[in-house]
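S.K.: Questions regarding the structure given below will be posed in turn.
The values are calculated or read from the model by the stated rules, or taken from the named source; none is laboratory data. Computed from a predicted model, the values in this text were never measured in an experiment. Cβ placement follows ideal geometry from the backbone for every residue including glycine, while neighbour counts extend to all protein chains displayed. Side chains included, ligands, DNA and RNA excluded: accessible areas come from the protein's heavy atoms. Shrake-Rupley method; radii C 1.70, N 1.55, O 1.52, S 1.80 Å.
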Amino acid sequence: MLKNFVLFILILCTSLAQSQITPVPKDSTAVNDSIVKKAEFLKQLGNGFLPTKYINLDLRYLLKFNQYEGLRTGLGGVTNENFSKKYRINSYVVYGFRDHTFKYSIGGGFRIAEKTNSWVNLSYTDDLQETGSSAFLTDKRFFSFFEPRLLNIDLFHRHITKAVSLEHQFAKNLLSETQFAISNINPTYNYAYTVNGNTFREFHLSTAKIAFQWSPFSDFEITKKGIIEKKEGYPKFTLQYTKSFKDIFESNFSFSKIDFRTIYQIKHKNDAITEATITGGFANGNIPLTNLYHAYPNNITKETILQRFSVAGINSFETMYFNEFFSDRFTTFQFKHYVSPFKISARFKPQLVLITRYAVGDMSHVERHENINFGILDKGYSESGFEINKLLFGFGFSFAYRYGGYHLPKIEDNIAFKFTFNVNL
């Protein structure tokens, strides 16, 4: 009941945000100024910020829900250029009503080169992270008023991380970020990692990361605010290398990881879009489950289709159950074809999306991971389905079917039927 209430509030916030469009004045100069201000406001809102004079409030922390914290609410923000063009401060604090615990982060940065948009950042974070999740340092900030997968995640680890990073733009189409971090990791579930006769229930890691994002076919413009991507071009490539150093700042393990992603998109003349995404990861060394890979599952482990009814994610496997598979090396392929919208009326334009996803992976030394059961993806995981989006107020529905090497005996256990919610600010 609480989860549904939170979902309703989040969707209501989205609808209200869309409605913040006021009539423009008749004077042409005023009209242009109004349009520019409105566009900037919507751009900030679409990036997850509510701008004020000196601080842009961070909307990610207002209201969330997951299976471990229950309702999670808080406040965050980052200083803007009116505060300083050379320095910035960012922070947030949140509270979980189910685990009765505060989480927070505080950080800041200073710019060392304007032309290359180079920043040195420092941060201290005490928060939760989903076990098996991974992200690229150079990813654009992705924001949605609610995150579909987050509602049903229950496997988290708590981490206290101190980090220093360097953002640098080698060229218009080549971004980089380097980070060194010291983390203390404590799983919130009963888990132990045994290696060389030693059993660990908490993990101390000292890691260095370097990431590159290359967009060779995008169009960029140099402005007073830095280099801005005016037009997205494809394919795009992202590569990240992570190295953990044993015995440096009391780190427990030595391991390395390589992560790769490429996105290719074709826009057709009839407003149809074809998109393919390939993601891969390879981890080598002594590495606990917290820092390994899942394939972004989004299916609840419940008995009936209706009990599993929830919100479809954007790039998640809708028929794969949470915590069903983990890997130390994996590859996923996702194909989407957005059929030309059905132009029923000026405002009613539903769209059919055809989807196929495939994942394959493996893991060495499964026996090292104790008190938790999971499978590996060595047989290859397949699902296909469709979405019909924007039927009513951004709502739609999706259907997916699981087949191939991990097809389940009961037909209904292979089916995921969910609703979708798509809004463009």
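S.K.: Along the charge dipole of the range 157-235, which of THR188, ILE210, HIS168 sits closest to the positive end, that is, farthest toward it, with unit charges on the beta carbon of Lys, Arg, Asp and Glu (+1, +1, -1, -1)?
M.R.: Result: THR188, furthest along the dipole toward the positive end.
S.K.: To continue, here is another question. So for the range 109-206, averaging the separation of alpha carbon pairs under 8 Å that are six or more residues apart and normalising by length, what relative contact order in percent results?
M.R.: 26 percent
S.K.: Continuing with the same structure: Which of the aspartates and glutamates could a cross-linker bridge to LYS85, judged by Cα under 15 Å and excluding same-chain residues fewer than eight apart?
M.R.: Qualifying aspartates and glutamates at Cα under 15 Å: GLU114.
S.K.: Sticking with this structure for a sec: With an 8 Å cut-off on Cα pairs and a minimum separation of 6 or more residues, tell me the relative contact order of the range 265-316 in percent.
M.R.: Value for the range 265-316: 22 percent.
S.K.: Could you give the C-alpha radius of gyration of the range 235-343 expressed as a fraction of 2.2 N^0.38 Å, taking N as the number of residues it contains?
M.R.: 1.40
S.K.: Then there is this: Would you mind telling me the share, in percent, of accessible area of the chain contributed by carbon and sulfur at probe 1.4 angstrom?
M.R.: Taking all protein chains in place, the chain shows 60 percent carbon and sulfur surface.
S.K.: What FRET efficiency comes out for LEU75 versus GLU250 if R0 is 25 angstrom and r is the Cβ-Cβ distance? Round to the nearest 0.05.
M.R.: 0.15
S.K.: For the range 327-403, build the charge dipole from Cβ charges (+1 Lys, Arg; -1 Asp, Glu) around the Cα centre, then report which of ILE376, SER398, GLN334 sits farthest towards its positive end.
M.R.: Value computed over the given set: SER398.
S.K.: Straight-line reach from LYS410: which aspartates and glutamates have Cα under 18 Å away, leaving out those fewer than 8 places along the same chain?
M.R.: Candidates past the 8-residue exclusion: GLU303, GLU318, GLU324, GLU383.
S.K.: What number comes out for accessible area per residue over the range 60-166 if the probe is 1.4 Å? Units Å², please.
M.R.: Result: 49 Å² per residue.
S.K.: Let me have the relative contact order for the range 359-401, percent, based on Cα pairs under 8 Å that are six or more residues apart.
M.R.: Contact order relative to length: 34 percent.
S.K.: I've got another one for you. Could you identify which residue out of PHE180, PHE83, PHE317 has the top mean-square fluctuation in a GNM of the chain using Cα springs shorter than 10 Å?
M.R.: PHE83
S.K.: Quickly estimate the mean residue ellipticity at 222 nm for the chain, helices only: each DSSP H run with n ≥ 4 gives -39500 (n - 2.57), and the total goes over all residues, rounded to 500.
M.R.: -3000 deg cm²/dmol
S.K.: Full extension from HIS268 to THR52: what is 0.36 nm times the residue separation minus their Cα-Cα distance, to one decimal in nm?
M.R.: Separation in residues times 0.36 nm, less the Cα-Cα distance, equals 73.8 nm.
S.K.: I'm spelling it out carefully: the read-out is Cα Rg over 2.2 N^0.38 Å, the candidates are (i) 1.02; (ii) 1.27; (iii) 1.39, and one was derived from this structure. Which label?
M.R.: (i)
S.K.: Eigenvalues of the Cα gyration tensor times 5, then square-rooted: what semi-axes does that give for the range 44-108, in whole angstrom, largest first?
M.R.: In descending order, the three semi-axes are 26, 13, 7 Å.
S.K.: Then there is this: Given springs between every Cα pair under 10 Å in a Gaussian network model of the chain, which of ALA171, ALA346, ALA276 has the largest fluctuation?
M.R.: Top of the fluctuation ranking is ALA346.
S.K.: Of PHE255, MET363, ILE314, whose Cα points farthest to the positive end of the dipole of the range 250-387 (charges on the beta-carbon: +1 Lys, Arg; -1 Asp, Glu; origin at the Cα centre)?
M.R.: It is ILE314.
S.K.: If the limit is 27 Å between Cα atoms, which of LYS64/LYS269; LYS86/LYS243; LYS336/LYS418; LYS64/LYS231; LYS267/LYS349 go over it?
M.R.: Listed pairs above 27 Å: LYS64/LYS269; LYS86/LYS243; LYS64/LYS231.
S.K.: Protein chains only, probe 1.4 Å: how do PHE170, PHE417 rank by accessible area, largest first?
M.R.: PHE170, PHE417
S.K.: Turning to a different aspect of this structure: Give me the extension gain from HIS168 to LEU306: residue separation times 0.36 nm, minus the current Cα-Cα distance, reported in nm with one decimal.
M.R.: The span from HIS168 to LEU306 would gain 44.9 nm if fully extended.
S.K.: When we measure straight from the Cα of LYS53, which aspartates and glutamates land under 12 angstrom away, once same-chain ones fewer than 8 places off are left out?
M.R.: Correct list for LYS53: GLU81.
S.K.: Now a separate question. If you scale each eigenvalue of the Cα gyration tensor by 5 and take the root, what three semi-axes come out for the range 227-276, rounded to whole angstrom and sorted largest first?
M.R.: Taking √(5λ) for each Cα gyration eigenvalue gives 40, 13, 6 Å.
S.K.: Using protein chains only and a probe of 1.4 angstrom, how many square angstrom of LEU391 are accessible, to the nearest 10?
M.R.: 60 Å²
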